[in-house]
Every structure is written in structure tokens, then in C-alpha cells.
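The next block holds one structure in the form of C-alpha cells; read it before the comments.
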Amino acid sequence: MIKYCANGYVFISAPTGEKSFQFVGLMSIGGVKMEKVLNSYETLFVVDCTLGEESVKAIVDKFTALISENATIESVDEWGKRRLAYPIDYKNEGYYVLVNFKSEGAFTLELERVFGITEGILRSIVIRHIDDKKTVKA
């Protein structure tokens, strides 16, 4: 039986044959303080301009608030209304926002999920900066 630790959980696997293992279970580590690794990320998202200025501002505020609740924001650059490289849903312009932040890896999955289900987001991307990591004791 092999155990290894990741993100506060112990993964347990059992050998099924020569050099192969089967996932058996997942066990939480109770009472053990683990170090959290904060990675540096940047996200760029494009908001639909046809919604109106108030709606665009509300969407930008929604995402900057979401990021600030779950991460440390380093900078927010609102590039404003720009022409798209190619039409998306028959739209030629979008409002661009670039946010640099530090967080744990699990938050980026939630951020991408919320980008995907929010009306008014034309495109979004989250990128991790590989060279910049910070370890924080929990």
C-alpha cells in the first residue's frame, strides 16, 4: 500500500500488478498544519461591450471582488474597449481586464468555472507564472 500527501490529503493506492497501482481512497490529515504554496497568476478576461457601461462595470467589479476574497491582488489593469482580433458571437469589440494575483492552485479552477458560466464574458484565460512561488505556513 502506498500513501502520498498532497493539498492536505493522503492518497492511498494499492498495487494491482507489476508497476501499476489502483486508487483505493482519500483520507484527510486531521490536525496537521501543512504549508500552503501561493503561486503567482494572471488572468485576462474580455467582457461584452454591447451590455452597456453599467453592466460591464458590474462584471469587472464582480470578478475583482471574487479574486480579492480568495487571493491577494497585485494589480488590476483595465485596458478598456478594444477591437477583437476576430469576431466572437458576431461582436467586434470587447472590454479587456488584466488582473495579477497570488493564490493557491485550487482557486483558479473555481475562477475558470465562474468565467465559463457568467453571461457577458466573451473570453478568459488564467496563466500561472512558473518562476514565482511563495510558501506560507498555515
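Some notes on this structure:
- Among residues of region 38-79, those that are among the acidic types (Asp, Glu) and under 17 Å from Lys91 (Cβ atoms), counted: 2
- Options Lys62, Lys36; residue that is at pLDDT below 95 and basic (Lys, Arg): Lys36
- Subset of region 70-112 [over 14 Å from Tyr41 (Cα atoms) and of a type in the set (Lys, Arg)]: Lys81, Arg82, Arg83, Lys91
- Yes/no for Thr43 being β-branched (Val, Ile, Thr), assigned to a helix (DSSP H, G or I) and surrounded by 14 or more Cβ atoms within 10 Å (Cβ to Cβ): no
- Residues that are free of Cβ contacts under 8 Å to residues at least 60 places away in the same chain and either surrounded by 14 or more Cβ atoms within 10 Å (Cβ to Cβ) or of a type in the set (Phe, Trp, Tyr) (or both) are absent from region 123-135 altogether.
The values are calculated or read from the model by the stated rules, or taken from the named source; none is laboratory data. This structure is a prediction, so every number in the text was calculated from the model and none was measured. When we count neighbours, we look across all protein chains shown, and the Cβ atoms used for this are built from the backbone with ideal geometry, even at glycine.
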